[in-house]
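To start, the structure under review is shown below, and the notes come after it.
The values are calculated or read from the model by the stated rules, or taken from the named source; none is laboratory data. Remember, it's a predicted structure, so these values are computed and weren't measured experimentally. Here the Cβ positions follow ideal geometry from the backbone for every residue, glycine too, while neighbour counts run over all protein chains shown. Protein only, heavy atoms only, side chains kept; ligands, DNA and RNA dropped before computing areas. Shrake-Rupley method; radii C 1.70, N 1.55, O 1.52, S 1.80 Å.
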Amino acid sequence: MKNLNNIRVAFAIFSLFSVALSNSSVAVELNDKCVINILNRTIQVASNGGWSLPNVPSNQGAVKARATCINDDGSTSSGQSGYFNLITNGLTPVGDIQFAEQEPVPSDINFFSPNQLSLTKLNQNFQLQVTATYPGGVEDDVTNSESGINYISSNIDVVSINANGLITATGSGNSLISATKDGLIATRLVKVSFTGDQDGDGLPDDYETDNGLNPDDPIDALEDIDGDGLSALEEYNAGTDLNKADSDDDGIEDGEELVEGEDGYITNPLLSDTDGDGLSDSVEITIGSAPDDNASSNYEDAIISISTSPTNVVMTFNGIDSEVSTQLTVTATILDGSQLDITEK
């Protein structure tokens, strides 16, 4: 039977209705003996084959839907879709869930490269390599896009990256490269400098000039220009903005993110959402979930209010128009002031 799936996404919430799962050797009806899992979030399917799974981030790039069903004889059947990208506030076709040999979910992913990369020429290239570790310790190269991996550069004016992990130096400065796969994330800092360091303070001359420092004065590398607890040299090494106390605008100053400090967590000062679960680091700390663990998200406590638009609706019935309707928009406000459209919830 042909499987037609659609996902309705509103930022981090989506729902899906599926009729059946199929392949050449087995047919399994989606019903209340099945569960669906996406990014470590699981929901039981209704008896009619429908299911709705809330609180899944739509910013994770390519993901898979995985199904597990209990058969009449007590055995289980597992299936999965191909990789697909969630479309925020739109319908996402999922395609067939195939019951064949399943690709396992990795327990960890890592860059097979130094913790920090340095490029010294404009348009210089470097091929990243990402390795996934699966249960049992088996490792596999997942660098290419066919594996479902996603790459993002925090500053494309410094470093660009293609779908297969090839980075290119486009300007002087620092950029954080993030790789995500099946809800896991790995990061690598890339530094680009085309000039020397004539005052020997650890800051490239072009970096000092671009940021209002003196390439002839080694003392300015020790200054905390934005008052976030980090010196200019520490900011450069971390890839943060030495002129901005909160580089990623997550509500936590850079100096606090790099140490456990008062909040008890070390988070990434270049990623407002360190664990990629759709909630900013500061919101997670406020509601008591871990900003470095995407399995601990608490969306219910993150929402402080819900509103509808329009606020007032007038519907008139008459003998000609016996049925009228009005579309409402439902919006949730998050603790940090951001808003989430949950109309399709």
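Structure notes:
- Neighbours by Cβ (under 8 Å, 6+ apart or cross-chain): first from region 152-165, under 15 Å from residue 122 (Cβ atoms); second assigned to a loop (DSSP other than H, G, I, E, B): 156/170; 157/170; 157/171; 158/170; 158/171; 158/172; 159/170; 160/170
- From the list 152, 167, the one residue that fits, being under 21 Å from residue 276 (Cα atoms) and either of a type in the set (Val, Ile, Thr) or surrounded by 16 or more Cβ atoms within 10 Å (Cβ to Cβ) (or both), is 152.
- Matching option when the condition is in a loop (DSSP other than H, G, I, E, B), more than 25 Å from residue 274 (Cα to Cα), touching a Leu at 6+ places or on another chain (Cβ under 6 Å) and open to solvent by 10 Å² or more (accessible area, probe 1.4 Å), among 196, 202: 202
- Enumeration of residues in region 234-257 that are closer than 10 Å to residue 224 by Cα and either open to solvent by 10 Å² or more (accessible area, probe 1.4 Å) or touching a Pro at 6+ places or on another chain (Cβ under 7 Å) (or both): 234, 243, 245
- Residue count for region 279-313 under the criterion of being open to solvent by less than 30 Å² (accessible area, probe 1.4 Å), closer than 17 Å to residue 260 by Cβ and either part of a loop (DSSP other than H, G, I, E, B) or not acidic (Asp, Glu) (or both): the result is 4.
- Any chance residue 138 is open to solvent by less than 60 Å² (accessible area, probe 1.4 Å) and not basic (Lys, Arg): no
- In this structure, residue 131 does not satisfy being at pLDDT 90 or above, of a type outside the set (A, V, I, L, M), open to solvent by less than 70 Å² (accessible area, probe 1.4 Å) and farther than 25 Å from residue 275 by Cβ.
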